[in-house]
1. Put Ile249, Ile212 in order of accessible area, largest first, 1.4 Å probe: what do you get?
2. Mind pulling the per residue volume of the convex hull built on the Cα atoms of region 150-196? Å³ is fine.
3. Label-point separation (nm) for Glu132 and Leu207, each offset 7 Å from Cα along Cα-to-Cβ?
4. Let me see the pair-distance distribution of region 103-184: every alpha carbon pair, 5 Å bin width, integer percents in order.
5. Considering only protein heavy atoms, what per residue accessible area in square angstrom results for the chain with a 1.4 angstrom probe?
6. Please work out the FRET efficiency for the pair Thr124 and Ile87, using the Cβ-Cβ distance as r and a Förster radius of 41 Å; give the result to the nearest 0.05.
7. Please list, short to long, the whole-number percent of alpha-carbon pairs of the chain in consecutive 5 angstrom bins beginning at zero.
8. Take the alpha carbon atoms of region 61-102, find their radius of gyration, then divide it by 2.2 N^0.38 Å using N residues; give the quotient.
Amino acid sequence: MERKFISTNKYPQLSYTMSGNGNVIVLIHGFPLDGSIWDGILSVLSAEYRVIVPDVPGCGQSTFSGSELSIEDIAESIHLILAEEKIEQAVIAGHSMGGYAALAFAELYPDMICGLGLMHSFATSDNEEKKEQRRKSIELFKKGGKEPFIKQMVPVLFAESTKTKYKNEINKITTSALLTETKSLIAFYNAMINRPDRTRILNNNKLPVLWIIGEEDTIATTKNLMQQTSLSCVNFVEVCKPCGHMGMIEAKDALSSNIVQFASYCFSVVE
Ligand code: MLT
(Lines give C-alpha, C1' and ligand atoms only; values in the text may rest on other atoms or scores of the structure.)
Protein backbone atom coordinates (compact mmCIF):
# COMPACT_ATOMS: atom_id res chain seq x y z
CA MET A 1 0.00 0.00 0.00
CA GLU A 2 1.36 3.38 -0.99
CA ARG A 3 0.33 6.57 0.82
CA LYS A 4 0.22 9.75 -1.21
CA PHE A 5 -0.48 13.41 -0.54
CA ILE A 6 -1.81 16.36 -2.51
CA SER A 7 -1.77 19.94 -1.33
CA THR A 8 -4.07 22.77 -2.45
CA ASN A 9 -5.25 26.00 -0.84
CA LYS A 10 -8.52 24.40 0.24
CA TYR A 11 -6.85 21.14 1.29
CA PRO A 12 -3.37 21.83 2.72
CA GLN A 13 -2.98 18.06 3.03
CA LEU A 14 -5.11 15.56 1.16
CA SER A 15 -4.02 12.03 1.97
CA TYR A 16 -4.94 8.78 0.23
CA THR A 17 -3.63 5.27 -0.19
CA MET A 18 -3.38 3.16 -3.31
CA SER A 19 -3.19 -0.63 -3.42
CA GLY A 20 -3.27 -3.11 -6.28
CA ASN A 21 -3.53 -2.68 -10.04
CA GLY A 22 -6.25 -2.58 -12.63
CA ASN A 23 -9.59 -0.85 -12.84
CA VAL A 24 -10.18 1.60 -10.02
CA ILE A 25 -12.41 1.35 -6.97
CA VAL A 26 -12.59 4.35 -4.61
CA LEU A 27 -13.75 3.74 -1.04
CA ILE A 28 -14.95 6.83 0.88
CA HIS A 29 -15.26 6.43 4.64
CA GLY A 30 -18.02 7.85 6.84
CA PHE A 31 -18.30 10.17 9.86
CA PRO A 32 -16.02 10.60 11.86
CA LEU A 33 -13.79 7.76 10.73
CA ASP A 34 -10.79 7.58 8.40
CA GLY A 35 -9.56 5.50 5.49
CA SER A 36 -8.21 2.76 7.78
CA ILE A 37 -11.79 1.61 8.34
CA TRP A 38 -11.49 -0.29 5.02
CA ASP A 39 -8.28 -2.13 6.00
CA GLY A 40 -10.05 -5.45 6.56
CA ILE A 41 -11.36 -5.68 2.98
CA LEU A 42 -8.40 -4.16 1.17
CA SER A 43 -6.47 -7.36 0.44
CA VAL A 44 -9.44 -9.03 -1.30
CA LEU A 45 -10.26 -5.94 -3.38
CA SER A 46 -6.69 -5.07 -4.30
CA ALA A 47 -6.03 -8.60 -5.57
CA GLU A 48 -8.13 -7.61 -8.61
CA TYR A 49 -8.45 -3.83 -8.57
CA ARG A 50 -6.55 -0.65 -7.93
CA VAL A 51 -8.13 0.56 -4.71
CA ILE A 52 -7.94 4.22 -3.74
CA VAL A 53 -8.79 5.08 -0.16
CA PRO A 54 -8.84 8.78 0.73
CA ASP A 55 -8.96 10.26 4.17
CA VAL A 56 -11.88 12.69 3.84
CA PRO A 57 -10.64 16.29 4.49
CA GLY A 58 -10.76 16.84 8.26
CA CYS A 59 -10.20 13.15 9.07
CA GLY A 60 -7.12 10.97 9.40
CA GLN A 61 -4.21 12.67 7.67
CA SER A 62 -6.29 15.05 5.51
CA THR A 63 -6.97 18.68 6.39
CA PHE A 64 -9.09 21.53 5.07
CA SER A 65 -8.63 25.25 5.45
CA GLY A 66 -11.28 27.51 6.95
CA SER A 67 -14.10 26.15 9.04
CA GLU A 68 -16.66 25.00 6.49
CA LEU A 69 -16.95 21.97 4.28
CA SER A 70 -19.82 20.69 2.16
CA ILE A 71 -20.63 17.21 0.91
CA GLU A 72 -19.84 18.59 -2.57
CA ASP A 73 -16.39 19.68 -1.27
CA ILE A 74 -15.73 16.08 -0.23
CA ALA A 75 -16.73 14.97 -3.76
CA GLU A 76 -14.37 17.64 -5.17
CA SER A 77 -11.53 16.26 -3.05
CA ILE A 78 -12.13 12.82 -4.62
CA HIS A 79 -12.06 14.43 -8.06
CA LEU A 80 -8.72 16.09 -7.23
CA ILE A 81 -7.25 12.69 -6.36
CA LEU A 82 -8.56 11.05 -9.55
CA ALA A 83 -7.23 13.96 -11.63
CA GLU A 84 -3.84 13.66 -9.93
CA GLU A 85 -3.75 9.95 -10.76
CA LYS A 86 -5.07 10.58 -14.31
CA ILE A 87 -7.98 8.24 -13.72
CA GLU A 88 -10.89 8.73 -16.09
CA GLN A 89 -13.43 6.33 -14.64
CA ALA A 90 -13.96 4.46 -11.37
CA VAL A 91 -16.43 2.60 -9.21
CA ILE A 92 -17.04 4.96 -6.30
CA ALA A 93 -18.36 3.47 -3.09
CA GLY A 94 -19.07 5.36 0.10
CA HIS A 95 -19.97 4.41 3.63
CA SER A 96 -22.79 6.50 5.11
CA MET A 97 -21.52 10.12 4.88
CA GLY A 98 -19.06 8.81 2.28
CA GLY A 99 -22.09 7.58 0.30
CA TYR A 100 -23.58 11.08 0.40
CA ALA A 101 -20.27 12.28 -1.12
CA ALA A 102 -20.32 9.48 -3.73
CA LEU A 103 -23.81 10.62 -4.78
CA ALA A 104 -22.57 14.22 -5.05
CA PHE A 105 -19.67 12.95 -7.16
CA ALA A 106 -22.14 11.12 -9.45
CA GLU A 107 -24.02 14.38 -9.87
CA LEU A 108 -20.92 16.51 -10.52
CA TYR A 109 -18.92 14.04 -12.64
CA PRO A 110 -21.35 11.54 -14.18
CA ASP A 111 -18.86 10.51 -16.88
CA MET A 112 -16.23 9.53 -14.34
CA ILE A 113 -18.30 7.04 -12.36
CA CYS A 114 -19.29 3.64 -13.75
CA GLY A 115 -20.72 2.20 -10.54
CA LEU A 116 -22.03 3.73 -7.32
CA GLY A 117 -21.71 1.85 -4.01
CA LEU A 118 -23.96 2.95 -1.17
CA MET A 119 -22.78 1.15 1.95
CA HIS A 120 -25.27 1.82 4.74
CA SER A 121 -26.08 5.03 2.91
CA PHE A 122 -28.96 6.58 1.01
CA ALA A 123 -30.03 9.41 -1.26
CA THR A 124 -32.66 11.25 0.77
CA SER A 125 -31.74 14.32 2.84
CA ASP A 126 -32.16 14.80 6.60
CA ASN A 127 -35.70 15.33 7.82
CA GLU A 128 -36.41 18.20 10.26
CA GLU A 129 -36.06 15.93 13.31
CA LYS A 130 -32.63 14.74 12.19
CA LYS A 131 -31.50 18.29 11.41
CA GLU A 132 -32.59 19.38 14.89
CA GLN A 133 -30.68 16.48 16.51
CA ARG A 134 -27.57 17.46 14.56
CA ARG A 135 -27.94 21.14 15.59
CA LYS A 136 -28.08 20.04 19.24
CA SER A 137 -24.94 17.95 18.73
CA ILE A 138 -23.20 20.96 17.14
CA GLU A 139 -24.02 22.98 20.29
CA LEU A 140 -22.56 20.14 22.36
CA PHE A 141 -19.36 20.08 20.25
CA LYS A 142 -19.02 23.85 20.71
CA LYS A 143 -19.22 23.37 24.48
CA GLY A 144 -16.38 20.83 24.39
CA GLY A 145 -18.58 17.73 24.27
CA LYS A 146 -16.66 15.84 21.61
CA GLU A 147 -15.43 13.06 23.89
CA PRO A 148 -18.76 11.99 25.45
CA PHE A 149 -20.42 12.26 22.04
CA ILE A 150 -17.94 9.94 20.33
CA LYS A 151 -17.80 7.47 23.21
CA GLN A 152 -21.58 7.18 23.09
CA MET A 153 -21.81 7.17 19.29
CA VAL A 154 -19.27 4.55 18.20
CA PRO A 155 -20.90 1.52 19.92
CA VAL A 156 -24.24 2.54 18.37
CA LEU A 157 -22.72 1.97 14.92
CA PHE A 158 -22.64 -1.78 15.66
CA ALA A 159 -25.56 -4.18 15.90
CA GLU A 160 -26.71 -5.07 19.44
CA SER A 161 -25.75 -8.65 18.66
CA THR A 162 -22.19 -7.85 17.48
CA LYS A 163 -21.11 -5.23 20.06
CA THR A 164 -19.38 -7.74 22.34
CA LYS A 165 -17.62 -9.57 19.51
CA TYR A 166 -16.22 -6.29 18.16
CA LYS A 167 -15.28 -4.73 21.50
CA ASN A 168 -11.63 -4.23 20.40
CA GLU A 169 -12.68 -2.64 17.12
CA ILE A 170 -15.08 -0.32 18.99
CA ASN A 171 -12.22 0.79 21.26
CA LYS A 172 -9.87 1.29 18.32
CA ILE A 173 -12.42 3.31 16.31
CA THR A 174 -13.27 5.40 19.38
CA THR A 175 -9.59 6.22 19.93
CA SER A 176 -9.05 7.30 16.33
CA ALA A 177 -12.38 9.17 16.08
CA LEU A 178 -11.39 11.17 19.17
CA LEU A 179 -8.47 12.55 17.15
CA THR A 180 -10.93 14.31 14.81
CA GLU A 181 -10.91 18.04 15.50
CA THR A 182 -14.08 19.63 16.85
CA LYS A 183 -13.97 22.01 13.85
CA SER A 184 -14.31 18.98 11.54
CA LEU A 185 -17.18 17.42 13.50
CA ILE A 186 -19.10 20.70 13.27
CA ALA A 187 -18.31 21.08 9.57
CA PHE A 188 -19.48 17.50 8.81
CA TYR A 189 -22.74 17.93 10.70
CA ASN A 190 -23.45 21.21 8.89
CA ALA A 191 -22.55 19.54 5.60
CA MET A 192 -25.02 16.72 6.27
CA ILE A 193 -27.76 19.15 7.38
CA ASN A 194 -27.30 21.14 4.17
CA ARG A 195 -27.03 18.27 1.72
CA PRO A 196 -29.90 18.12 -0.76
CA ASP A 197 -32.09 15.15 -1.53
CA ARG A 198 -30.29 13.28 -4.32
CA THR A 199 -32.90 10.70 -5.24
CA ARG A 200 -32.91 12.46 -8.63
CA ILE A 201 -29.46 10.95 -9.20
CA LEU A 202 -30.94 7.48 -8.82
CA ASN A 203 -34.27 7.97 -10.60
CA ASN A 204 -34.29 5.96 -13.84
CA ASN A 205 -30.51 6.23 -13.96
CA LYS A 206 -28.61 3.48 -15.80
CA LEU A 207 -25.63 3.90 -13.44
CA PRO A 208 -25.43 0.57 -11.54
CA VAL A 209 -25.87 0.88 -7.78
CA LEU A 210 -24.66 -1.52 -5.07
CA TRP A 211 -26.67 -1.33 -1.85
CA ILE A 212 -25.14 -2.75 1.32
CA ILE A 213 -27.71 -2.83 4.08
CA GLY A 214 -27.24 -3.87 7.71
CA GLU A 215 -30.31 -5.61 9.07
CA GLU A 216 -29.80 -4.01 12.50
CA ASP A 217 -28.55 -0.62 11.27
CA THR A 218 -30.26 2.12 13.28
CA ILE A 219 -28.81 4.97 11.16
CA ALA A 220 -29.38 3.79 7.58
CA THR A 221 -32.36 1.56 8.31
CA THR A 222 -33.40 -1.39 6.15
CA LYS A 223 -36.83 0.18 5.72
CA ASN A 224 -35.47 3.51 4.44
CA LEU A 225 -32.91 1.93 2.15
CA MET A 226 -35.24 -0.70 0.71
CA GLN A 227 -37.56 2.08 -0.46
CA GLN A 228 -34.69 3.45 -2.57
CA THR A 229 -33.29 0.23 -4.00
CA SER A 230 -35.59 0.21 -7.01
CA LEU A 231 -35.22 3.86 -8.07
CA SER A 232 -32.27 3.19 -10.38
CA CYS A 233 -32.42 0.83 -13.34
CA VAL A 234 -29.67 -1.57 -12.16
CA ASN A 235 -29.44 -2.43 -8.48
CA PHE A 236 -27.37 -5.00 -6.59
CA VAL A 237 -28.77 -5.39 -3.07
CA GLU A 238 -27.19 -7.23 -0.14
CA VAL A 239 -28.82 -7.29 3.28
CA CYS A 240 -26.16 -8.35 5.80
CA LYS A 241 -26.80 -9.99 9.16
CA PRO A 242 -25.92 -9.87 11.93
CA CYS A 243 -24.88 -6.38 10.98
CA GLY A 244 -25.46 -2.80 12.03
CA HIS A 245 -23.90 0.22 10.32
CA MET A 246 -20.39 -1.25 9.95
CA GLY A 247 -20.53 -3.89 7.22
CA MET A 248 -16.82 -3.51 6.46
CA ILE A 249 -16.21 -5.03 9.91
CA GLU A 250 -19.40 -6.88 10.84
CA ALA A 251 -19.91 -8.50 7.43
CA LYS A 252 -16.56 -8.05 5.77
CA ASP A 253 -16.64 -11.22 3.63
CA ALA A 254 -20.08 -10.39 2.21
CA LEU A 255 -19.07 -6.78 1.68
CA SER A 256 -15.84 -7.55 -0.13
CA SER A 257 -17.31 -10.25 -2.37
CA ASN A 258 -20.23 -7.96 -3.25
CA ILE A 259 -17.92 -5.09 -4.17
CA VAL A 260 -15.73 -7.39 -6.31
CA GLN A 261 -18.74 -8.83 -8.17
CA PHE A 262 -20.31 -5.40 -8.57
CA ALA A 263 -17.10 -3.84 -9.92
CA SER A 264 -16.64 -6.76 -12.32
CA TYR A 265 -20.14 -6.12 -13.67
CA CYS A 266 -19.65 -2.32 -13.89
CA PHE A 267 -16.35 -2.53 -15.75
CA SER A 268 -17.62 -5.24 -18.11
CA VAL A 269 -20.54 -2.99 -19.09
CA VAL A 270 -18.34 0.03 -19.83
CA GLU A 271 -15.63 -1.86 -21.72
C1 MLT B 1 -21.92 8.20 9.09
O2 MLT B 1 -21.80 7.04 9.51
O3 MLT B 1 -21.19 8.64 8.18
C4 MLT B 1 -22.96 9.09 9.70
O5 MLT B 1 -23.55 8.46 10.78
C6 MLT B 1 -23.98 9.48 8.70
C7 MLT B 1 -25.09 10.33 9.24
O8 MLT B 1 -25.02 10.78 10.40
O9 MLT B 1 -26.04 10.60 8.49
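The values are calculated or read from the model by the stated rules, or taken from the named source; none is laboratory data. Computed from a prediction, not measured in an experiment: that's the story for all the values here. Note: ideal-geometry Cβ built from the backbone for every residue, glycine included; neighbour counts use all protein chains shown. These area figures cover heavy atoms from the full protein model, side chains too; ligands, DNA and RNA do not enter into them. Shrake-Rupley method; radii C 1.70, N 1.55, O 1.52, S 1.80 Å.
1. In descending accessible area the options line up as Ile249, Ile212.
2. Dividing the Cα hull volume of region 150-196 by its residue count gives 81 Å³.
3. 3.3 nm
4. Binned Cα distances yield the sequence 3, 11, 15, 16, 17, 18, 13, 6, 1.
5. On a per-residue basis, 43 Å².
6. 0.90
7. 1, 6, 14, 19, 21, 19, 13, 6, 2, 0, 0
8. 1.22
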